[in-house]
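Down below is the structure, laid out as structure tokens.
The values are calculated or read from the model by the stated rules, or taken from the named source; none is laboratory data. Model, not experiment: these values are computed from the prediction. No Cβ is skipped: glycine too gets one built from the backbone with ideal geometry, and neighbour counts run over all protein chains shown.
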Amino acid sequence: MLRFKTLLLAALPAAAALPVPSAVAAAAQPSPALEKVQAHFRAVASMTASFTQTDRRGHTLSGTLTLKRPARMRFEYQKGVPLLVVGDGKAIHVVDYQVKRVQRLPIVNSPLSVLLNARPDLSRIARVVRDDAGSIVISARDPQRPEFGTITLAFSRGGGPAGLTLQAWTVLDSQNNQTTVRLSNQRFNVPVADTAFRWTDPRTGRTIG
């Protein structure tokens, strides 16, 4: 089974091979590309997508992603994978139904908080890695909390809210564990019920959320 902390802190999707810088300097003023990404985040209340996740050893899993800002997400893995990742508004829960284990991480301690925050302050934590006619790639890390890792996000221009579509991201943790997630079939601002983020605790059988 996957390494849970690596799964959570060190990776998810990306377009091709995303560059993952070792440091991200805070910008005094957001660049036009960062402002465009922030406009995209403000315009996206919910998103659903298919995903393919690849860890540093080349192991690949697929499934469906449901996201609802602020702070809610669900990674539902392919049939036969007894793993679930759910953000319930306060924390991210990594649930392994095979060994009946649940790991909990406050959302603010995860680089995924950039995705889950409805209005992230990218000028403080992010810089532009690539900005061209077809794409924008940014990398974000909290300079005050470098131990929480770096997330690099790739957007294609056109077709989505504020003219951007999130295609992938890569997470790198403080131990240099890296995971990449690629998205497809993205749908924005679709109705998502709060019940989508309920989950069953394998230790008690109780429904949470």
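Quick look at the values:
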read-out: Scope the stretch 50-70; condition farther than 22 Å from Leu172 by Cβ and either without any contact (Cβ under 8 Å) to a residue 40 or more places away in the chain or in contact with an Asp or Glu (Cβ under 9 Å, 6 or more places away or on another chain) (or both); matching residues; value: Thr64, Thr66, Lys68
read-out: Residue that is nearest to the chain's Cα centre (by Cα), among those in the stretch 142-160 that are part of a loop (DSSP other than H, G, I, E, B) and touching a residue at least 60 places away in the same chain (Cβ under 8 Å); value: Gly149
read-out: Among the residues listed as Val99, Val114, the single one being crowded, with 16+ Cβ neighbours inside 10 Å and of a type in the set (Val, Ile, Thr); value: Val114
read-out: Members of the stretch 95-118 found to be over 15 Å from the mean Cα position of the chain (by Cα) and in contact (Cβ under 8 Å) with a residue 60 or more places away in the chain, listed by number; value: Val95, Asp96, Tyr97, Gln98, Val99, Lys100, Arg101, Val102, Gln103
read-out: Positions within the stretch 183-206 being within 16 Å of Glu76 (Cβ to Cβ) and in a strand (DSSP E or B), in sequence order; value: Leu183, Ser184, Asn185, Gln186, Arg187, Trp199, Thr200
read-out: Qualifying positions in the stretch 118-134 - surrounded by fewer than 19 Cβ atoms within 10 Å (Cβ to Cβ), in contact with a Lys or Arg (Cβ under 8 Å, 6 or more places away or on another chain) and either not in a loop (DSSP other than H, G, I, E, B) or not small (Gly, Ala, Ser) (or both); value: Arg119
read-out: Breaking point among (1) buried (at least 23 other Cβ atoms within 10 Å of the Cβ); (2) of a type in the set (Gly, Ala, Ser); (3) under 20 Å from Ser184 (Cα atoms), for Ser156; value: (1)
read-out: Among (1) in a helix (DSSP H, G or I); (2) over 17 Å from Phe75 (Cα atoms) - the single one Leu115 does not satisfy; value: (2)
read-out: Failed item, numbered, when Ser156 is tested on (1) closer than 20 Å to Arg124 by Cβ; (2) in contact with a Leu (Cβ under 8 Å, 6 or more places away or on another chain); value: (1)
read-out: Residue among Arg127, Arg145, Arg119 that alone is of a type outside the set (A, V, I, L, M, F, W, C) and touching a strand residue (DSSP E or B) at 6+ places or on another chain (Cβ under 7 Å); value: Arg127
read-out: Residues of the stretch 49-59 satisfying the condition of being surrounded by fewer than 19 Cβ atoms within 10 Å (Cβ to Cβ) and at pLDDT 95 or above; value: Ser50, Thr52
